[in-house]
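Below you'll find the structure, written out as structure tokens, and then a few comments.
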């Protein structure tokens, strides 16, 4: 009897070990500056769908109906799987667009930065009607302003600035400044618990800040052995608590580092992307976790 019990225990331990060693893989949508395309990549690393484009594509989403929407520096475009264009919004000659976010009510949040330092956040429908416009001021030309802009469940806007010290700011629905964070540059995301997750670009770090402005978690350049963090770009917090970080290799970054990696709360690598054919990645949307973009304004 003791031998049988021991055998069952051994089998159980082996099963647990096998489960723990099971390789994590994800299906994802990628884009970015220097990416060369917006693409859906399967769990096996094969490109399932690709829209070739030379422009910077700093934000992209797979919509529930199967269409893909992306910002491409000179505008925003929604395309079908057959690559036909559903609708498009083009930026004025003195402006750039690096952000788009699906919102409830079949609207999209679009961030438009102008050379005079003025920024506009539009909540827009497919007919190009601006249902809401929020004006925010910055410094520097259009390219030196913000990248991804996110609307929070509280109805505020999180804007991460490239210049001016690299900060993230939170504005109310009228464009009034509510809060300035200690880091920024690419994206700030409001998490379900009220904390804010921020990619700090050339500061080579990601921080999580609580409502009292205390940093409660952070990842720095050399915190992860073998994975040097370059320009910290797009982020996604997964339902299991892991964080996916786009490790953009521009601005003198190391090309031999993973383009993307997923880490646990204690900074262990759970998954990474090292694939030269995908080029540089600064925006990612993990597709094999529950994520309705119209409801996920707090998770990406």
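The values are calculated or read from the model by the stated rules, or taken from the named source; none is laboratory data. Bear in mind the structure is a predicted one, so any value in this text is a computation, not a measurement. Every residue, glycine among them, receives a Cβ derived from its backbone with ideal geometry; neighbour counts consider all protein chains shown.
At a glance:
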{"read-out": "Which listed residue is modelled with pLDDT of 95 or more, under 23 Å from the mean Cα position of the chain (by Cα) and closer than 26 Å to residue 161 by Cβ, from 39, 46, 60", "value": "60"}
{"read-out": "Some residue of segment 178-200 being under 16 Å from residue 119 (Cα atoms) and modelled with pLDDT under 95", "value": "yes"}
{"read-out": "Condition check for residue 119: outside any strand (DSSP E or B) and in contact (Cβ under 8 Å) with a residue 24 or more places away in the chain", "value": "no"}
{"read-out": "Evaluation of residue 227 against (1) surrounded by 22 or more Cβ atoms within 10 Å (Cβ to Cβ); (2) touching a strand residue (DSSP E or B) at 6+ places or on another chain (Cβ under 6 Å); (3) free of Cβ contacts under 8 Å to residues at least 60 places away in the same chain; (4) within 24 Å of residue 25 (Cα to Cα) (one fails), failing number", "value": "(1)"}
{"read-out": "Filtered residue count, segment 128-164, keeping only those that are in contact (Cβ under 8 Å) with a residue 12 or more places away in the chain and assigned to a loop (DSSP other than H, G, I, E, B)", "value": "14"}
{"read-out": "Entirely in segment 211-267, the strands (runs of 3 or more DSSP E) that have 1 or more residues that are modelled with pLDDT of 95 or more, within 18 Å of the chain's Cα centre (by Cα) and farther than 27 Å from residue 193 by Cβ", "value": "none"}
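So that you can scan it fast, the table gives a plain yes or no per residue for (1) touching a helix residue (DSSP H, G or I) at 6+ places or on another chain (Cβ under 9 Å); (2) surrounded by 13 or more Cβ atoms within 10 Å (Cβ to Cβ); (3) farther than 20 Å from residue 185 by Cα:
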position: 44; (1), (2), (3): no, no, yes
position: 50; (1), (2), (3): no, yes, yes
position: 58; (1), (2), (3): no, yes, no
position: 69; (1), (2), (3): no, yes, yes
position: 79; (1), (2), (3): no, yes, yes
position: 85; (1), (2), (3): no, no, yes
position: 99; (1), (2), (3): no, yes, no
position: 104; (1), (2), (3): no, no, yes
